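Computed from the coordinates by the stated procedures, all read-outs in this text should not be read as laboratory data. Here the structure is a predicted model, which means the values were calculated and not measured. Positions of Cβ are backbone-derived with ideal geometry, glycine not excepted, and every protein chain shown enters the neighbour counts.
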Amino acid sequence: MTTQEREPMDAKPPRTPIDAELEWQALRLRKIVHKQYELWAITRIVHGLDDPEIEWVTQQAVPAREEGKRALLDLYFPQFRLAVEIDELQHVDQVEQDRLRERHVIDTANVEFWRWKMQDIHTLDDARDRIDKLIGTLRKRKRKQIKKGTFVPFRFGRTYDPAEWIECGGVGIQDDARFRRHVDVARLFGKDLAAHRSGMLRLTESVQVWFPKLYPNKEWDNALLDDGQRIVQRLAVDATAGSDPEPLPAGSGSGETRLVFAHYRDEFGRIYYRFVGAFEHIGQDGHSADFRRNGERITVDGAGGFEITRE
């Protein structure tokens, strides 16, 4: 080895997956250091659960009621679609606001809430008891999914890898599959694309993949309704103001099925796409279209073959 090829004496060894995962978990907890009771409760839940197969996320972003904004869930368990909210004492005066926000998240993201109100906690034993009950619930749900054969153990990095989900045979609405780019979703269906920016990806004459933002934005005012059973697609008011509104995109014919991979952001603000169901176009009125869910799982073979089923 020449002098130029030698590794410096102080060179650090390459990072291992374990180091990367440890940093990843530490960063998640660092996001909540400014909240006194939330930090204590969440760290106790995470360390009390102590199960590497159960994923947990802090400050998970979901669409909010206000246009263009996000709500942040204090702690979220994707495998069980369970959100934990720690209401600090200032929430005493915003009960109705919290209720409306919770209802909106339930409707748009199909998330169940476990809420801890600090004004109801009087002793350390009260807090411990509440947390122990939550941990027991999480363990019970894991056992139930294992018994049904639906539990997918968390493994650092697998959530975002299309090859992992192809090996699993597909994705369902209960899976925590997060795809960073359109081309990652395309790989599920045997398509090796260098890039893809369109909101649609045609698979067959009657089936498309759709990548919508299910919240108001400059172009669209789409909404996931009825506990995830319905999507209404609308052109935003700003997109039609002052001119003749454009029609909905081609391909919105009655009977068409869209495999919906909705646009989300994780707790670090990074974009990902999550499968929320297969939806059949059932009607159109002016510049809005209505879709009903007709499938909760896509079975894929990685070579282009796929099947839509109900879970």
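Over the stretch 158-309, calculate the relative contact order: mean separation of alpha carbon pairs under 8 Å at least 6 apart, over the residue count, as a percent.
Here the relative contact order equals 26 percent.
Using modelled backbone amide H atoms (1.01 Å from N, in-plane), which distant-in-sequence or interchain residues come within less than 5 Å of V111's amide H?
I106
In nm, to one decimal, how far is the modelled label at D120 from the one at A20, with both set 7 Å along Cα→Cβ?
For D120 paired with A20, the spin-label model returns 4.1 nm.
For the stretch 158-309, which semi-axes, largest first and in whole Å, follow from the square roots of 5 times the eigenvalues of its Cα gyration tensor?
The equivalent ellipsoid of the stretch 158-309 has semi-axes of 26, 17, 14 Å.
What net charge is computed for the residues neighbouring H263, neighbours being all others with C-beta under 9 Å from the C-beta of H263, Lys and Arg scored +1, Asp and Glu -1?
Net local charge, H263 excluded: +3.
So, by mean Cβ neighbours within 10 angstrom, what's the order for 218-225, 73-80, 183-190 with the highest one leading?
The densest-packed peptide leads the list: 73-80, 183-190, 218-225.
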